[in-house]
1. Taking the condition outside any helix (DSSP H, G or I) and small (Gly, Ala, Ser), does Ala58 pass?
2. Among the residues of the stretch 6-29, write down those that are without any contact (Cβ under 8 Å) to a residue 24 or more places away in the chain, more than 9 Å from the ligand (Cβ to nearest atom) and assigned to a loop (DSSP other than H, G, I, E, B).
3. All but one of (1) within 16 Å of Leu33 (Cβ to Cβ); (2) within 14 Å of the chain's Cα centre (by Cα); (3) not aliphatic (A, V, I, L, M) hold for Arg67, so report the exception by its number.
4. From the residues in the stretch 18-76 that are under 18 Å from Ile94 (Cα atoms) and of a type in the set (Lys, Arg), which one is surrounded by the fewest Cβ atoms within 10 Å (Cβ to Cβ)?
5. Provide a single number: the residues in the stretch 35-55 that are of a type in the set (Asp, Glu) and part of a helix (DSSP H, G or I).
6. With the structure loaded, tell me whether Asp87 is acidic (Asp, Glu) and either away from the ligand (no atom under 16 Å from the Cβ) or exposed (fewer than 12 other Cβ atoms within 10 Å of the Cβ) (or both) or whether it fails that test.
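The values are calculated or read from the model by the stated rules, or taken from the named source; none is laboratory data. Bear in mind the structure is a predicted one, so any value in this text is a computation, not a measurement. Here the Cβ positions follow ideal geometry from the backbone for every residue, glycine too, while neighbour counts run over all protein chains shown.
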Amino acid sequence: MPRASDNAPMAVTRCPRCRAEDIAADAHPTRVLGNGVETRVFVCRSCYRPTELEYRIACDAAGVAYRPLPIRDALRGLREFYAARLDERDEPEIHAALADIDRRLAIGPVSDT
Ligand SMILES: [Zn+2]
């Protein structure tokens, strides 16, 4: 196993939709529908609404009932996402993002924002 050196290139987690934004500390959970199968994805802030809209349209076209992503489900997914990013790069922004998710999960049942 090669050891990570100080010169190792910084791991960047690009938004899968625009491939421009680094979403390691600011990801938005959404879904894509392919062949009637839902896949969870994380995108950047500006891609979030278009991706949800495309998902809604894809559901409509495939005759699948559209349901909003349950908020606690989304938060748990985000928590896993940020924890995995922290393994790649130990940065205060990612710690802060993770702490924010933990705070929101600790609130208990929350109404959709
Ligand atoms: Zn994006």
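1. no
2. Asp6, Asn7, Ala8, Pro9, Val12 - these are the residues of the stretch 6-29 that are without any contact (Cβ under 8 Å) to a residue 24 or more places away in the chain, more than 9 Å from the ligand (Cβ to nearest atom) and assigned to a loop (DSSP other than H, G, I, E, B).
3. Going through (1) within 16 Å of Leu33 (Cβ to Cβ); (2) within 14 Å of the chain's Cα centre (by Cα); (3) not aliphatic (A, V, I, L, M) one by one, Arg67 breaks only (2).
4. Arg45
5. Our first condition is that a residue be of a type in the set (Asp, Glu); within the stretch 35-55, this holds for 38, 52, 54.
Imposing the further condition that a residue be part of a helix (DSSP H, G or I) reduces the set to 52, 54.
Counting residues in the stretch 35-55 that are of a type in the set (Asp, Glu) and part of a helix (DSSP H, G or I) gives 2.
6. Working: acidic (Asp, Glu): yes; either away from the ligand (no atom under 16 Å from the Cβ) or exposed (fewer than 12 other Cβ atoms within 10 Å of the Cβ) (or both): yes.
Judged against the criteria, Asp87 is a match.
Yes/no matrix, rows are residues, columns are (1) within 14 Å of the ligand (Cβ to nearest atom); (2) modelled with pLDDT of 95 or more; (3) hydroxyl-bearing (Ser, Thr, Tyr):
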position: Arg31; (1), (2), (3): no, yes, no
position: Gly34; (1), (2), (3): no, no, no
position: Glu38; (1), (2), (3): no, no, no
position: Phe42; (1), (2), (3): yes, yes, no
position: Tyr48; (1), (2), (3): yes, yes, yes
position: Arg56; (1), (2), (3): no, yes, no
position: Gly63; (1), (2), (3): no, no, no
position: Pro68; (1), (2), (3): no, no, no
